[in-house]
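One structure is given here, and the rest of the page talks about it.
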Amino acid sequence: MAADIAPFRLPRYAQIPDIGLYLEQVVRYVNAYLAPLGEPELSPSMVSNYVKQRLIPAPQKKVYTAEQLARLMFIAAVKPVVPLEGLRLMFGIQEGSYALCTAYDYFCDEFENMLFAAFGVAPAAQGLGETRSAAKDLLRNTVSAIVNKIYLDRYLSDYQDRLAQERSSSEAVPQETERLCAEKK
């Protein structure tokens, strides 16, 4: 499990393209980064819904900016554990506490730190969670919830795969024994 997660990195705010991407490009961009997590992909209709719900600003001339991409990256990562109203509340808290670029980069740092620690890729980094504020505590708890969900989903999937392999191996032995017995007769 750890080998699949080890190369995972989220783009930092300064690395997000700000040249203006169209909807399909936005969806491909976000999904490419989040694919290793195994969570459901972002779709164009989901992005349009987030615009209608005012979770992200509407695109200008059908193009999305770095700000919108950062918000979508966050939404796509945490949507399995945070309802739309929770996202709206979290964005309101973020806007009252930190600039988007600062909050997004902090999210990336916390997410990678907890993800790598959960999968045993690296020990939890010291110092990330030392500053105490309600906004950071909320973010840390959100990241913890999604990382634990990702880990549990991956663990259960791997466990099912191992069981299936064991079953096919154990079924092969009796079949081989029956074949050998039939040959002796």
Scanning the range 26-42 for residues that are in contact (Cβ under 8 Å) with a residue 60 or more places away in the chain and part of a loop (DSSP other than H, G, I, E, B) gives 38, 39
Got a sec? Which of 63, 47 is buried (at least 17 other Cβ atoms within 10 Å of the Cβ) and among the aliphatic types (A, V, I, L, M)? 47
Among the residues of the range 13-32, are any of a type in the set (Val, Ile, Thr) and in contact with a Gly (Cβ under 8 Å, 6 or more places away or on another chain)? no
Can you name the residue in the range 78-93 that is surrounded by 15 or more Cβ atoms within 10 Å (Cβ to Cβ) and out of contact with any Ser or Thr (no Cβ under 9 Å at 6 or more places or on another chain) and, of all such residues, is nearest to residue 136 (Cα to Cα)? 93
Residue match in the range 32-44 (condition: surrounded by 14 or more Cβ atoms within 10 Å (Cβ to Cβ), more than 19 Å from residue 112 (Cβ to Cβ) and out of contact with any strand residue (DSSP E or B) (no Cβ under 7 Å at 6 or more places or on another chain)): yes
I'd like the full set of residues that are free of Cβ contacts under 8 Å to residues at least 24 places away in the same chain and part of a helix (DSSP H, G or I), limited to the range 47-84. 49, 51, 52
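Any read-out appearing in this document is the output of simple, stated calculations on the displayed coordinates, not a laboratory observation. Predicted, not measured: the structure shown is a model, and the values here were computed from it. All Cβ positions, even for glycine, are placed from backbone atoms using ideal geometry, and neighbour counts span all protein chains on display.
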